[in-house]
Amino acid sequence: MRLLVAVLVLGSVVACGTTSENRPGGPAPSTPCKGADGKYVIGMSQANVAEPYRQRMDDDIRAAAKSVPQFEVRFTDAQQDNSRQVSDVENFLTQQIDLLIISPNEATPLTGVVKKAFDKGIPVIVLDRKVEGDAYTTWIGADNVEIGRQASKYVAEQLLPNGGKIAEIRGLAGSTPAKERGDGFREAIRGRNIEIAVSQDGDWLREKGQEKADAILKSNPDISVIYAHNDPMAEGAYLAARATGRQDALKFIGIDGLPIPSGGLKAVEAGRLSATLIYPTAGKEAIESARKILVDCQQVPKTQTLQTQLITKENAAQVYAKENPGG
């Protein structure tokens with residue numbers, strides 16, 4: 001009788017796809033799958049909400065979770081502090097959450113605690129920024145190297161067809177999008193008569209971007225374009241240029257393209273930015289993956305790459321209206 005019970009239990013676990021060995025993109029080892037009748041607590045560990053993009057990510061997760069009655073989502077804000085984010089995840093583990101969603105502040109410092117959660121049998125959905133290794137259930141985000149390439153191509157073909165000098169304001173050092181957006185840009189600009197005259201870290205923040213741009217403009221009067229790794233830093237650079245009366249002589253390009261009044265779409269439409277590239281928050285996709293894992297007992301892909309889009313003056317208003325019907 002005991003043998004029969006053991007066989008039945010084992011069969012139910014395999015049917016739910018809850019071992020990492022046979023479903024590398026499914027739940028972590030030994031994760032219970034309670035199906036549609038269960039109730040699930042999800043921990044969402046956010047790197048920081050000072051960036052509008054990350055606040056929008058949290059908002060998108062909240063909105064999507066409303067359609068899954070089995071879900072309760074708890075949010076934390078690490079405020080760009082790696083040790084604080086590690087502590088946030090540790091606290092989630094003591095709360096015995098059913099699934100972890102995390103957008104890491106930096107890759108290396110968060111890798112260990114993400115692996116700890118995964119090894120405990122908790123499915124882990126990593127958004128936007130990556131961790132090292134493969135101890136997670138699924139990563140969801142856009143291709144930042146390709147985004148860098150597209151930004152470079154736009155600069156070379158539309159802004160500086162005859163060559164010139166540009167400045168780069170990078171994201172937070174240690175975060176994977178900052179490295180990848182820089183790598184993709186440099187890869188696509190290779191062989192063109194365009195020089196990255198200066199590159200500074202802006203940590204993804206508007207105020208820091210403005211501060212760095214102010215110093216850059218004072219020491220590099222011959223630059224023509226500022227390429228920022230996100231829209232807030234690009235807007236900060238625009239403000240720095242406007243303070244010296246150079247806003248019309250320079251071109252600014254960012255990344256994110258948030259469909260909110262203060263976002264990149266409106267900045268392009270208003271002419272402050274020449275272009276931006278859409279970087280989806282993955283909030284909706286995260287909840288859909290959580291539903292498949294916990295409620296439907298399904299496997300999800302190890303990598304889920306979302307699409308981007310170049311936004312210029314020609315399509316900014318149209319895309320904004322599409323993302324905000326009736327708004």
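What do you reckon, is Pro280 within 20 Å of Gln150 (Cα to Cα) and open to solvent by less than 20 Å² (accessible area, probe 1.4 Å)?
no
Of the residues Ser87, Ser67, only one is among the hydroxyl-bearing types (Ser, Thr, Tyr) and farther than 16 Å from Ala117 by Cβ; which? Please lay out each step first, then the result.
Values: Ser87 fails: farther than 16 Å from Ala117 by Cβ.
Residue meeting the stated conditions: Ser67.
From the set of residues in the range 311-327 that are out of contact with any Gly (no Cβ under 9 Å at 6 or more places or on another chain) and modelled with pLDDT of 95 or more, which is surrounded by the fewest Cβ atoms within 10 Å (Cβ to Cβ)?
Only one residue fits best here, namely Glu314.
Select, from Ala197, Ala167, the only residue that is of a type outside the set (D, E, K, R), open to solvent by 30 Å² or more (accessible area, probe 1.4 Å), closer than 21 Å to Lys218 by Cα and touching a residue at least 24 places away in the same chain (Cβ under 8 Å). Quick ask: steps written out before the conclusion?
Details: Ala167 fails: open to solvent by 30 Å² or more (accessible area, probe 1.4 Å).
Matching residue, one of Ala197, Ala167: Ala197.
Identify, by number, the condition in (1) under 20 Å from the mean Cα position of the chain (by Cα); (2) closer than 27 Å to Asn193 by Cβ; (3) open to solvent by 40 Å² or more (accessible area, probe 1.4 Å) that Ser262 doesn't meet.
Unmet for Ser262, out of (1) under 20 Å from the mean Cα position of the chain (by Cα); (2) closer than 27 Å to Asn193 by Cβ; (3) open to solvent by 40 Å² or more (accessible area, probe 1.4 Å): (2).
Does Asp60 meet the test of being assigned to a helix (DSSP H, G or I) and open to solvent by 30 Å² or more (accessible area, probe 1.4 Å)? Spell out the reasoning first.
Values: assigned to a helix (DSSP H, G or I): yes; open to solvent by 30 Å² or more (accessible area, probe 1.4 Å): yes.
It is true that Asp60 is assigned to a helix (DSSP H, G or I) and open to solvent by 30 Å² or more (accessible area, probe 1.4 Å).
Does at least one position in the range 211-219 carry a residue that is farther than 26 Å from Arg54 by Cα, buried (at least 21 other Cβ atoms within 10 Å of the Cβ) and either under 25 Å from the mean Cα position of the chain (by Cα) or among the aliphatic types (A, V, I, L, M) (or both)? Spell out how you get there, then give the answer.
Keep residues of the range 211-219 that are farther than 26 Å from Arg54 by Cα, which gives 215-219.
Next cut, buried (at least 21 other Cβ atoms within 10 Å of the Cβ) only: 216.
Next, from what is left, pick out any that are either under 25 Å from the mean Cα position of the chain (by Cα) or among the aliphatic types (A, V, I, L, M) (or both): 216.
Yes, that holds for at least one residue.
Determine which single condition Lys66 fails, assuming it passes every other condition in (1) surrounded by fewer than 19 Cβ atoms within 10 Å (Cβ to Cβ); (2) of a type in the set (Lys, Arg); (3) in contact with a strand residue (DSSP E or B) (Cβ under 9 Å, 6 or more places away or on another chain).
Failed condition: (3).
Given the condition over 16 Å from the mean Cα position of the chain (by Cα), open to solvent by less than 10 Å² (accessible area, probe 1.4 Å) and touching a residue at least 60 places away in the same chain (Cβ under 8 Å), answer yes or no: does some residue in the range 246-257 qualify?
Here is the first cut: in the range 246-257, the ones over 16 Å from the mean Cα position of the chain (by Cα) are 246-253.
Narrowing further to those that are open to solvent by less than 10 Å² (accessible area, probe 1.4 Å): 250, 252-253.
With the extra rule that they be touching a residue at least 60 places away in the same chain (Cβ under 8 Å), the set shrinks to 253.
So far as the range 246-257 goes, yes, one or more of its residues are over 16 Å from the mean Cα position of the chain (by Cα), open to solvent by less than 10 Å² (accessible area, probe 1.4 Å) and touching a residue at least 60 places away in the same chain (Cβ under 8 Å).
Considering the range 298-310 alone, what residues qualify as being surrounded by 17 or more Cβ atoms within 10 Å (Cβ to Cβ) and either aliphatic (A, V, I, L, M) or touching a Gly at 6+ places or on another chain (Cβ under 6 Å) (or both)?
Matches in the range 298-310: Gln299, Val300, Leu310.
I'm trying to understand the selection: among the residues of the range 104-153, which are in contact with a Ser or Thr (Cβ under 8 Å, 6 or more places away or on another chain) and open to solvent by 30 Å² or more (accessible area, probe 1.4 Å)?
Glu106, Pro109, Lys130, Glu132, Gly133, Asp143, Glu146, Gln150
It is to be established whether one or more residues within the range 72-83 are under 19 Å from Thr281 (Cβ atoms) and in a helix (DSSP H, G or I).
Scanning the range 72-83, I find no residue that is under 19 Å from Thr281 (Cβ atoms) and in a helix (DSSP H, G or I), so the answer is no.
Go through (1) within 24 Å of Gln79 (Cα to Cα); (2) open to solvent by 30 Å² or more (accessible area, probe 1.4 Å) one by one and return the number of the condition Glu157 breaks.
Checking Glu157 against (1) within 24 Å of Gln79 (Cα to Cα); (2) open to solvent by 30 Å² or more (accessible area, probe 1.4 Å), the one that fails is (1).
State the number of residues belonging to the range 69-82 that are buried (at least 18 other Cβ atoms within 10 Å of the Cβ), more than 10 Å from Arg291 (Cα to Cα) and among the hydrophobic types (A, V, I, L, M, F, W, C).
Total meeting the criteria: 2.
Would you call Arg190 closer than 21 Å to Val145 by Cβ and either surrounded by fewer than 21 Cβ atoms within 10 Å (Cβ to Cβ) or among the small types (Gly, Ala, Ser) (or both)? Steps first, please.
Values: closer than 21 Å to Val145 by Cβ: yes; either surrounded by fewer than 21 Cβ atoms within 10 Å (Cβ to Cβ) or among the small types (Gly, Ala, Ser) (or both): yes.
For Arg190, the condition - closer than 21 Å to Val145 by Cβ and either surrounded by fewer than 21 Cβ atoms within 10 Å (Cβ to Cβ) or among the small types (Gly, Ala, Ser) (or both) - is met.
The values are calculated or read from the model by the stated rules, or taken from the named source; none is laboratory data. Every value quoted in this text rests on a predicted model; they were computed, and no experiment measured them. Neighbour counts run over all protein chains shown; Cβ positions are idealised from the backbone, glycine included. Protein only, heavy atoms only, side chains kept; ligands, DNA and RNA dropped before computing areas. Shrake-Rupley method; radii C 1.70, N 1.55, O 1.52, S 1.80 Å.
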